[in-house]
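The values are calculated or read from the model by the stated rules, or taken from the named source; none is laboratory data. Being a predicted model, the structure only gives us computed values, none of them experimental. Cβ placement follows ideal geometry from the backbone for every residue including glycine, while neighbour counts extend to all protein chains displayed. With ligands, DNA and RNA removed, areas are computed over all heavy atoms of the protein, side chains included. Shrake-Rupley method; radii C 1.70, N 1.55, O 1.52, S 1.80 Å.
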Amino acid sequence: MFYYISFLRPPPITAAPYGTISIKPQISNDLRTEPFDGSQELFYSWSLDGARQPRVTKPVKLTTWRLSSAYKDIPLPVPAGVREGERWRLTLTGQAQAHGHLNPECIDLSSPQVGKVPFPVLSMPIIFNGRGHKGSAKQEMVERTYLVPYIYRDEAPMKEGEPLPAGEKQMAALRIRENTAFDLDKKIWDSGLGLCSWLIDLKENSALRENNAELQDLHDSLFSDEPRKILELGAGVGILSVVIALLRSDLNNVEAGKDHLLATDVDSAMPLLEENISINDVYYKLNPPKAMVLDWDEELPEEVKALQNLDAVVMADVTYNTASFPSLCRTLSSLIRMSPKVPAILLSYKVRDDAERGFWAMAAEVGIDFVKIGQREGAGGAPIEIWSGHVRMV
């Protein structure tokens, strides 16, 4: 499992350009239901939003977080020299990332140490205004930045005003926003991050696939140079589809508009899902993911049927609601049966309740046998399990 730094009391939308603001930091699991039970030093820094040249303050210790004092408000000085009308963002990081880390606000999904310390968090911009700040509403969104290895091709993103060298491997900085409210389809879930980390390894590490036909087939289904049709069920905030689109964007032979990557979920998830796809589109302009409503209790959308076949179906943490299992299995069966070839099926899962394991038996009834092929440990506790679905006729 992973732990996340967040805000129990978020920063305000507006604040005075002097004195302090009040926040209440939090360290907990992905759904904010299990507080971190250890002690963790927290550091804060400020970054000027929209500045042409980066302006970031040095991380300063904020507090040592302990569960016994987790509900105390902490006053925090506003940025030194802040001017009227400026917009600044607040970053909270853990000790390991605040010391000697070039990007303390970033989470390196390619690192074997990912998740060993709580993930940092970035607030939305705080507008410093001498008037009208009293009684300001609290922010309702946070953002995290995830680093993913990437080879820039023809249309390279800009870094400090200069284009990054085409053909050289760099780290893409993917920005993913979450809601601070308890909305399940508007948060990052452990299994999504675990599967992203595992997929990066699958693409980058040829030794992982050596002498393993199943992993090689999965690699080809997701990362072949040929155009691919990939559908995600239960996309939530979209990080899995965004990472897959990025990993496919540096392939040599995939032309614009040839890939089809559908990030599907219920209607209420669409605004934030579309926003996260949009704010990262500099990395996959030629073949961006498309957000689409796909309700497991309804027929497949016509746009999905029009694809006629799929190369892969991917899912992360879709088994938390046992009541949805029949609908999910019907949807999987429909996706398989519409395709003349059998798609790869990939599922990431973190155990929350033993009853969730009933999904495996129900999936077997529609001809899908899941086999565990990997896992990610994170900070300990329940690991993120990676499962491959083997399809047979029933």
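Which residues, taken from region 132-172, are aromatic (Phe, Trp, Tyr) and at pLDDT below 95?
Our first condition is that a residue be aromatic (Phe, Trp, Tyr); within region 132-172, this holds for 146, 150, 152.
Passing the criteria: Tyr150, Tyr152.
Within region 375-394, which residues are farther than 25 Å from Arg330 by Cα and surrounded by 19 or more Cβ atoms within 10 Å (Cβ to Cβ)? Write out each step before concluding.
Taking region 375-394 and keeping what is farther than 25 Å from Arg330 by Cα, we get 375-383.
Those that are farther than 25 Å from Arg330 by Cα and surrounded by 19 or more Cβ atoms within 10 Å (Cβ to Cβ): Arg376, Gly378.
Return the residue satisfying two criteria in turn: it lies in region 358-374 and is without any contact (Cβ under 8 Å) to a residue 60 or more places away in the chain and open to solvent by less than 20 Å² (accessible area, probe 1.4 Å), and of such residues it is farthest from Trp189 (Cα to Cα).
Gly367
Taking region 17-45 on its own, how many of its residues are of a type in the set (A, V, I, L, M) and either more than 14 Å from Lys138 (Cα to Cα) or open to solvent by 30 Å² or more (accessible area, probe 1.4 Å) (or both)?
The total comes to 3.
I'd like to check something: does region 45-53 contain any residue that is in contact with a helix residue (DSSP H, G or I) (Cβ under 9 Å, 6 or more places away or on another chain), touching a residue at least 24 places away in the same chain (Cβ under 8 Å) and either under 19 Å from Tyr146 (Cα atoms) or outside any loop (DSSP other than H, G, I, E, B) (or both)?
Kept after step one, since they are in contact with a helix residue (DSSP H, G or I) (Cβ under 9 Å, 6 or more places away or on another chain), are these residues of region 45-53: 45.
Next cut, touching a residue at least 24 places away in the same chain (Cβ under 8 Å) only: 45.
Those still in the list that are either under 19 Å from Tyr146 (Cα atoms) or outside any loop (DSSP other than H, G, I, E, B) (or both) too: 45.
Within region 45-53, one or more residues are in contact with a helix residue (DSSP H, G or I) (Cβ under 9 Å, 6 or more places away or on another chain), touching a residue at least 24 places away in the same chain (Cβ under 8 Å) and either under 19 Å from Tyr146 (Cα atoms) or outside any loop (DSSP other than H, G, I, E, B) (or both).
Could you list, in sequence order, the residues of region 204-222 that are at pLDDT 95 or above and open to solvent by less than 50 Å² (accessible area, probe 1.4 Å)?
Matches in region 204-222: Leu215, Leu218, His219, Ser221, Leu222.
Restricting the first residue to region 203-220 and requiring it to be closer than 14 Å to Leu247 by Cα, which pairs with a second residue that is part of a helix (DSSP H, G or I) and open to solvent by less than 50 Å² (accessible area, probe 1.4 Å) meet a Cβ separation below 6 Å and a spacing of at least six or different chains?
Lys203/Phe223; Lys203/Leu247; His219/Leu202; His219/Arg209
Can you name the residue in region 46-87 that is polar (S, T, N, Q) and either out of contact with any Lys or Arg (no Cβ under 8 Å at 6 or more places or on another chain) or open to solvent by 60 Å² or more (accessible area, probe 1.4 Å) (or both) and is also farthest from Tyr4 (Cα to Cα) among such residues? Before you say what the answer is, go through the steps one by one.
So in region 46-87, the residues polar (S, T, N, Q) come out as 47, 53, 57, 63-64, 68-69.
From what's left, either out of contact with any Lys or Arg (no Cβ under 8 Å at 6 or more places or on another chain) or open to solvent by 60 Å² or more (accessible area, probe 1.4 Å) (or both): 53, 57, 63-64, 68-69.
On the way: Gln53: 29, Thr57: 22, Thr63: 16, Thr64: 15, Ser68: 18, Ser69: 17 Å.
So, considering only residues that are polar (S, T, N, Q) and either out of contact with any Lys or Arg (no Cβ under 8 Å at 6 or more places or on another chain) or open to solvent by 60 Å² or more (accessible area, probe 1.4 Å) (or both), the one farthest from Tyr4 (Cα to Cα) is Gln53.
For region 292-394, which helices (runs of 4 or more DSSP H) that fit wholly inside it have 1 or more residues that are at pLDDT 95 or above and β-branched (Val, Ile, Thr)? Give the derivation first.
Details: elements: 302-307, 325-337, 358-365.
The helices (runs of 4 or more DSSP H) meeting that bar are 302-307, 325-337.
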